[in-house]
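Working notes for the structure below.
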Amino acid sequence: MDLMPGGKVDLRGRVVGPEEWAAVRAAATGPDGTVRLGRCWFEDARIEEVSFHGVVFEGDVSFCRAEFGKGVSFYQTVFAGNASFCEAVFAGNASFHEAAFHGHADFSRTRFRGDALFGHALWRRDADFSGAFFQNAADFDRADFRRDAAFHEAYFRSAVSLRHADVSRNLTFSRASFHGDAWIGPLTAGGRVGLDAVRSLRRLRISVRAPAVTARHAVLERAHLRTPADLSQAVVGELLLDGCDPGLCSFEETRIRSRTVRGGPVIAEPDRTRHPLAVALSAVALLVIAFAALMSLRQTGHAPLHLARLRP
């Protein structure tokens, strides 16, 4: 297959198999053995048994609505321009391990039916996974996001991991759904880590270093928190504060069924938070009861010494 001037490739709506892709690679391979392509269009294409391993896309590339019939590799692929995979469907495993995105990366509403592997991937600009669907494991371990990483309304059917990832600005999962275990960290973020209105049906582990961590209005079955966070108006089944000072967290109108701090249980009212006013009223009520008991015991001459020293 002959390339267009500038190494451009237009395969929109085509079925791209091994033979056709081999022709593209042969025409675009340089003296150093690297496949270099310019502006590429793969929109609405059907891609079967093709590997993009090590390809350098020097211009913008679009895989919008493309269907990858089997597993596909973008291992160590370089996207020098903008890369769009919006509404693409990966039927098998998708490997973007050590891929480098130098422009905006759009994975909005992408469907990953196999494993989505983004370990050690680099994003120099924003990465957008809004509305993406992850059927199997989603691996972002040691990924490097140099700007924002957005997972708004993403759906994680299985486990997801962002261990030892770095985010230069904001990492947001607002209204995302986690149906498997999730590890958000340990990681470092330069801006806010947002899990507002998140719904988690399994264990959600949060361990981050960031200026702010919020999970307002979230519904969490089991939360393992190693970072102070704002859980205002959240509903939490089991909350484990592991090495995290409860005084640095916000629990305004939070409903917590059971709470544990650093491995030791603390008393928590079921399904409601103890607000400062309620605590004060409870203290006054206890003091009144103690004083009444003191007066009763004094009248009978059997007041213990420690109670006799109490003053209202």
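If you check ALA210, ALA197, ALA223, which single one turns out to be surrounded by 24 or more Cβ atoms within 10 Å (Cβ to Cβ), modelled with pLDDT of 95 or more and touching a strand residue (DSSP E or B) at 6+ places or on another chain (Cβ under 9 Å)?
Result: ALA223 is the single residue among ALA210, ALA197, ALA223 that is surrounded by 24 or more Cβ atoms within 10 Å (Cβ to Cβ), modelled with pLDDT of 95 or more and touching a strand residue (DSSP E or B) at 6+ places or on another chain (Cβ under 9 Å).
Among the residues of the stretch 72-82, those that are in contact with a Phe, Trp or Tyr (Cβ under 8 Å, 6 or more places away or on another chain), assigned to a loop (DSSP other than H, G, I, E, B) and over 15 Å from VAL9 (Cα atoms) comprise PHE74, TYR75, THR77, ALA80. Within the option set PHE156, PHE112, PHE145, being outside the structural domain of LEU248 (by TED's automatic domain parsing), without any contact (Cβ under 8 Å) to a residue 40 or more places away in the chain, out of contact with any Pro (no Cβ under 7 Å at 6 or more places or on another chain) and among the aromatic types (Phe, Trp, Tyr) holds for one residue only, PHE112. Take VAL167 and decide whether it is surrounded by 24 or more Cβ atoms within 10 Å (Cβ to Cβ) and more than 14 Å from the chain's Cα centre (by Cα). No: the conditions fail for VAL167.
Set side by side, the residues GLY59, GLY92, GLY13, GLY54 differ, and just one is crowded, with 17+ Cβ neighbours inside 10 Å, part of a loop (DSSP other than H, G, I, E, B) and either in the same structural domain as SER161 (by TED's automatic domain parsing) or not hydrophobic (A, V, I, L, M, F, W, C) (or both), which is GLY59. Only one of the numbered conditions (1) part of a strand (DSSP E or B); (2) free of Cβ contacts under 8 Å to residues at least 24 places away in the same chain is not met by ILE184, and that is (2).
The values are calculated or read from the model by the stated rules, or taken from the named source; none is laboratory data. No experiment lies behind these values; they were computed from the predicted model shown. Positions of Cβ are generated from backbone atoms using ideal geometry, with glycine treated the same way; all protein chains shown enter the neighbour counts.
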